[in-house]
Amino acid sequence: MAAPEYVPVALADLPRPTEALPPDSWRAERPGDLVFQPRGPRFGTPGPDQGYGLKLAKRFVDQLQLQPGEHADDVVAGGLGVGLKRAAIFGRAPVIHDFELAYGMFGFLDEAPADLVEFRTHLFAGAAHHYWDQREICDTVPDETLPLSPAAARARVTSGEWRSLLREPPPLVPPVKGA
């Protein structure tokens with residue numbers, strides 16, 4: 001807050017002149033500075049405002065069509081990662097359509113084919129409790145699938161073409177040579 005003009009000010013309290021930094025002098029040379037964002041299995045996809053995605057992901061709990069042995073918490077945890085991955089590749093915060101696509105491509109919003117139910121039941125089992133299971137779910141969705149509209153993905157699932165949307169997840173541990 002500014003003081004009135006009649007209040008005496010000590011010399012040390014006066015604003016000091018600032019020194020401008022030379023342009024283009026900073027470089028990412030410290031050990032913790034990222035020069036590039038690493039990509040690959042199990043790395044994840046950083047994006048803005050991802051915390052809001054959890055609120056959006058939970059909005060679908062009442063709409064999920066779960067089979068015996070499936071739990072809503074596991075489905076939300078897995079769907080959250082896929083929805084956030086979709087939002088991040090577009091460089092934006094998550095929106096409701098990201099999660100509609102995530103749940104729809106695994107058949108949780110419609111009547112799913114039996115082979116998809118078998119695939120997803122094993123994939124989502126325990127995902128709410130295990131981070132690496134969530135990463136595995138995200139890695140089953142290729143980047144080429146994520147730009148699809150939720151309606152297009154759900155249409156592929158209901159027509160039985162769900163395998164074109166997903167891929168087999170990479171193994172958690174590289175296989176041992178000679179085994």
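The values are calculated or read from the model by the stated rules, or taken from the named source; none is laboratory data. In this text, all values refer to a predicted model and were calculated from it rather than measured experimentally. Glycine gets a Cβ as well: all are built from the backbone with ideal geometry, and neighbour counts include every protein chain shown.
Is it true that some residue in segment 82-91 is surrounded by 15 or more Cβ atoms within 10 Å (Cβ to Cβ), farther than 19 Å from Arg39 by Cβ and touching a helix residue (DSSP H, G or I) at 6+ places or on another chain (Cβ under 9 Å)?
no
Of Glu111, Glu70, Glu118, which residue is out of contact with any Cys (no Cβ under 9 Å at 6 or more places or on another chain), in a loop (DSSP other than H, G, I, E, B), exposed (fewer than 15 other Cβ atoms within 10 Å of the Cβ) and acidic (Asp, Glu)?
Answer to the check: Glu111.
Being closer than 24 Å to Tyr52 by Cβ, in contact (Cβ under 8 Å) with a residue 12 or more places away in the chain and of a type in the set (Gly, Ala, Ser): is that true of Gly79 here?
Yes.
Of a type in the set (S, T, N, Q) and either more than 30 Å from His129 (Cα to Cα) or without any contact (Cβ under 8 Å) to a residue 40 or more places away in the chain (or both): which single residue out of Gln50, Gln67, Gln37, Gln63 fits that description?
Result of the check over Gln50, Gln67, Gln37, Gln63: Gln37.
Can you find a residue in segment 164-173 that is modelled with pLDDT of 95 or more, over 13 Å from the mean Cα position of the chain (by Cα), small (Gly, Ala, Ser) and over 23 Å from Asp49 (Cβ atoms)?
No - not one qualifying residue is present in segment 164-173.
Kindly list the number of the only condition in (1) modelled with pLDDT under 95; (2) in contact with a Pro (Cβ under 9 Å, 6 or more places away or on another chain) that fails for Glu144.
Among (1) modelled with pLDDT under 95; (2) in contact with a Pro (Cβ under 9 Å, 6 or more places away or on another chain), Glu144 violates only (2).
Just checking, how many residues over segment 124-145 are part of a helix (DSSP H, G or I), in contact with a helix residue (DSSP H, G or I) (Cβ under 6 Å, 6 or more places away or on another chain) and over 13 Å from Ala102 (Cα atoms)?
Pass one, segment 124-145, residues part of a helix (DSSP H, G or I): 124, 131-139.
Checking which are in contact with a helix residue (DSSP H, G or I) (Cβ under 6 Å, 6 or more places away or on another chain) leaves us with 124, 134, 137-138.
Applying the additional criterion that residues be over 13 Å from Ala102 (Cα atoms) yields none.
Going through segment 124-145 one residue at a time, the tally reaches 0.
Please work out which one of (1) without any contact (Cβ under 8 Å) to a residue 60 or more places away in the chain; (2) in contact with a Phe, Trp or Tyr (Cβ under 9 Å, 6 or more places away or on another chain) is the condition Leu11 fails and give its number.
(2)
Checking Ala88 against (1) in a loop (DSSP other than H, G, I, E, B); (2) in contact with a Ser or Thr (Cβ under 8 Å, 6 or more places away or on another chain); (3) on the phi < 0 side of the Ramachandran plot, which test does it fail?
(1)
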